[in-house]
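Below is one structure, written out as structure tokens; comments come after it.
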Amino acid sequence: METKKVTDMQEIVSLSKRRGFIFQSSEIYGGLGSCWDYGPLGVELKRNVKDSWWKAMTYRDDIDGVDASILMHPMVWKASGHIDGFSDPLVDCKECKARFRADKVDVTAPCESCGAKDSYTEPRDFNLMFETTMGPVKDSGSTVYLRPETAQGIFTNFLNVQTTMRRKLPFGIAQIGKAFRNEITPGNFIFRTREFEQMEMQYFVKPGTQKEFMEKWKEIRFDWHIEQGLDPKKLRWHDHGEELAHYADLAFDIEYEFPIGWDEMEGIHSRTDFDLGKHAEFSGKNLNYVDQADGNKKYIPYVVETSVGCDRHILALLCDAYRVENPGTKEERTVLGFVPKMAPIKVAVLPLMKKEPLAQKARPLFEALQKKYKCEYDVAGNIGKRYRRQDEIGTPLCITIDFDTLEDEAVTIRDRDSMNQDRVKISEVESYILNKFGF
Ligand code: GAP
């Protein structure tokens, strides 16, 4: 059988819209650049991703979770270096006013947008933080920022978590939340947006042990992406080498091969004692850790960070899961081959006809399964079309209730990938699914 994988991001954009995964923000007003809304299926997929990450990262004995506020004291960003250093070099085209990242265009060539010659301005630094004002008076003292990373809400809570949870090094703090960056050139669907969600974990360690923990976390995080169903052949490491962010002494990215090429999906950074050290300095608070295991030595812990973009991971899942079987033929079938735990709808219940006696069997089964799995009940249209729709949204199992069900108390369960069908007693459906999914 011929199978075609995704080659063009547009295939994912259009399936996402057609099937209710992702819509453009404020679409009825013509849309808002690089902002996207998760629809009914997208929000389920996103919840599955966040649940999976949360379980992997916090259902352990050494990591606690937090949910810090998006708005933080402006001094946080002074201390972290974001006010002074979180910028990209920007050039404008003097003719068409288009803006580009100076490091992403050839400034000696004609404008990429309008073709004008010698039209680029000199590069200047453009701070990526969104500013807003707090309270009714707009003056310089009321400026606050939308956080450009969730990490700082973890650093500022380091002492709170360590003391309330009676933690000893090494231990971690995890958080999932929105982050905002006024990117100069956002784009490629949900790959680079101005509002996005991060899943970050800061692991606090004794200085000198960061390399060892870096190795450990690199392995754990790479394996997580594979467990999420991503093809290992489309995952690789990128070592930042000497090109490090202002806070890091070692950095690696997990890259995924998107239709636009290989690019970063997750960063694993050794952030040294930079952030806690700066917060101690700027706040005047003592953020030292007293190491009882080492003669009550006092020091600022080092940090190994794992930071993955939830939306970017979702984009990888969509691209990876997408396949068109028998393209261009009568048997053409588009499938999202999610692993069951990522599938937005786990089971579809499809009575062959809307008629009453079938609904009497189908509804109770649907309601029983819905208690455990996100299910869909669909009676509209011919069964072939209903199967195709479920294939395209990635539903692993479809249950058909037909007239034989009234006689034999059994249903047909169809597997999305093999399209094999099993006849299963209604009383055994739950154990059948448990056996297939493993949950
Ligand atoms: N706390 C470290 C940090 O924020 P980063 O490499 O700038 O590091 C981490 O970002 C991850 O956040 C990236 O690997 C990416 O998945 C995601 N990310 C960053 N900027 C993004 C954007 N504009 N749109 C979508 N995701 C983004």
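Quick look at the numbers
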{"read-out": "Any hit, the range 162-179, residues being of a type outside the set (S, T, N, Q), exposed (fewer than 13 other Cβ atoms within 10 Å of the Cβ) and not assigned by TED's automatic domain parsing to the domain that holds residue 278", "value": "no"}
{"read-out": "Every residue from the range 256-280 that is open to solvent by 20 Å² or more (accessible area, probe 1.4 Å), among the acidic types (Asp, Glu) and within 11 Å of the ligand (Cβ to nearest atom)", "value": "263, 264"}
{"read-out": "Count - residues of the range 163-197 that are in a loop (DSSP other than H, G, I, E, B), within 10 Å of the ligand (Cβ to nearest atom) and under 30 Å from residue 273 (Cβ atoms)", "value": "3"}
{"read-out": "Boolean, residue 67 is assigned by TED's automatic domain parsing to the domain that holds residue 247 and out of contact with any Ser or Thr (no Cβ under 6 Å at 6 or more places or on another chain)", "value": "yes"}
{"read-out": "Residues being part of a helix (DSSP H, G or I), over 18 Å from residue 255 (Cα atoms) and within 13 Å of the ligand (Cβ to nearest atom) - total across the range 198-235", "value": "0"}
{"read-out": "Unmet requirement for residue 136, which otherwise passes all of (1) surrounded by 12 or more Cβ atoms within 10 Å (Cβ to Cβ); (2) modelled with pLDDT under 90", "value": "(1)"}
{"read-out": "Single residue of the range 55-86 satisfying the filter (in a loop (DSSP other than H, G, I, E, B) and of a type in the set (Ser, Thr, Tyr)) that is farthest from residue 284 (Cα to Cα)", "value": "59"}
{"read-out": "Test: residue in the range 142-162 that is within 11 Å of the ligand (Cβ to nearest atom) and among the basic types (Lys, Arg)", "value": "yes"}
{"read-out": "Residue that is more than 16 Å from the ligand (Cβ to nearest atom), surrounded by fewer than 17 Cβ atoms within 10 Å (Cβ to Cβ) and not assigned by TED's automatic domain parsing to the domain that holds residue 296, where the choices are 92, 106", "value": "106"}
{"read-out": "Residue in the range 137-146 that is outside the structural domain of residue 61 (by TED's automatic domain parsing) and farther than 27 Å from residue 85 by Cα present", "value": "yes"}
{"read-out": "Subset of the range 22-46 (residues that are within 14 Å of the chain's Cα centre (by Cα) and under 13 Å from residue 311 (Cβ atoms))", "value": "22, 36, 37, 38, 42, 43, 45, 46"}
{"read-out": "Residue count for the range 69-89, restricted to those that are of a type outside the set (Ser, Thr, Tyr) and open to solvent by less than 20 Å² (accessible area, probe 1.4 Å)", "value": "5"}
{"read-out": "Some residue of the range 319-342 being within 16 Å of the ligand (Cβ to nearest atom) and of a type outside the set (Ser, Thr, Tyr)", "value": "yes"}
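Per-residue answers, yes or no, for (1) open to solvent by 10 Å² or more (accessible area, probe 1.4 Å); (2) more than 15 Å from the ligand (Cβ to nearest atom):
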residue	(1), (2)
237	yes, no
282	yes, yes
290	yes, yes
299	yes, yes
304	no, no
313	no, no
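The values are calculated or read from the model by the stated rules, or taken from the named source; none is laboratory data. Since we're looking at a predicted model, the values are computed, not measured. Cβ sites come from the backbone with ideal geometry, for glycine too, and all protein chains shown count toward neighbours. The accessibility values were calculated without ligands, DNA or RNA, using every heavy atom of the protein model including side chains. Shrake-Rupley method; radii C 1.70, N 1.55, O 1.52, S 1.80 Å.
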